[in-house]
Amino acid sequence: MKQAQIEFSNKLQDLSLEKIHLIAQNLQMNDEAYLYLDIYESLLGFTKNCIKYDSDHTLIGLAHMVYGWMPTMLKNISLGKSNLIKMIQEEKLTMEILIEIVALTNNSVVGASKLLHFIEPDKYAIFDSRVYSSITGKTQPDANNIDNYLLYIDRFNELITSNNAELIYKIKNELVKKKYIYKHYSSFRALEVCLYNNGK
């Protein structure tokens, strides 16, 4: 492991539900809730309808959808594997699957994390420069690192399955009250929203 990855891994281990709850408590009311939540809700619903049709075309279309949040067009629409949606839904995220998704999303880990999140919001969280900055405190983030994303997802899994459901409930309630999420959003989304808004 490179030094930067070791540092990131150490910062992730310092990340706790208590720290995330404190972030949630310190967030201001979300003044753009009506727009932000409606768009997220629409994209979740659209993805849920699309993945019933598990095909390469569906995955490429969804990749373009998540790029609606990014100012660039996809440059690669060839997939090395078939049934990637099914693999994303049913298997643990492997380096091999992640590399395939990153390649589809212009070699962007951020784009891949968004695509994974919309397909399986209860298994994957979005990872971007603001989340990275929130975790590390660095102003020049390196969010485009596959290994860091896998470490991030592993840490979120540890936090969510830590037998501390009451604290996760408090975090989600705080975010619902301040209009950052709706009550039915995943725990992955709640934790990521805290880190994203803390990384501004």
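Quick note: the coordinates plus some simple rules give every number you see, no bench work behind them. Fair warning: this is a prediction, and the values are worked out from it, not measured in the lab. Counting neighbours? That spans all protein chains shown, and the Cβs are built from the backbone with ideal geometry, glycine included.
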Inset, instruction - Report the label-to-label distance for Glu32 and His184 in nanometres (one decimal), using points 7 Å from each Cα along the Cα→Cβ vector. - result: 2.5
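Anything over 21 Å Cα to Cα? Flag those among Lys114/Lys178; Lys2/Lys138; Lys86/Lys170; Lys86/Lys123; Lys138/Lys179; Lys48/Lys86, in the order listed.
Result: Lys114/Lys178; Lys86/Lys170; Lys138/Lys179 exceed 21 Å.
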Inset, instruction - Determine, for His21, His117, the number of other Cβ atoms within 10 Å of each Cβ, and report the residues in order from fewest to most. - result: His21, His117
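Kindly provide the helix-only [θ] at 222 nm of the chain, computed as the sum of -39,500 (n - 2.57) over DSSP H runs of four or more divided by all residues, to the nearest 500 deg cm²/dmol? Could the numbers behind the result be given before it?
Working: 11 runs with 127 residues, N = 200.
My calculation for the chain gives -19500 deg cm²/dmol from helical runs alone.
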Inset, instruction - Measure nothing but the geometry: give the 0 to 90° angle between the long axis through the Cα atoms of 33-50 and the longest principal axis through the Cα atoms of the chain, rounded to 10°. - result: 40
Inset, instruction - Mind ranking 134-142, 147-155, 34-42, 119-127 by how tightly packed they are, going by the mean number of other C-beta atoms within 10 angstrom, highest first? - result: 119-127, 147-155, 134-142, 34-42
Legend entry - Karplus (6.51, -1.76, 1.60) ³J(HN,Hα), θ = phi - 60°, over segment 175-187, in Hz, Gly and Pro reported as x: 6, 5, 4, 8, 6, 9, 9, 8, 4, 7, 5, 5, 4
Inset, instruction - Can you tell me the relative contact order of the chain? Whole percent, Cα pairs under 8 Å, sequence separation 6 or more. - result: 29
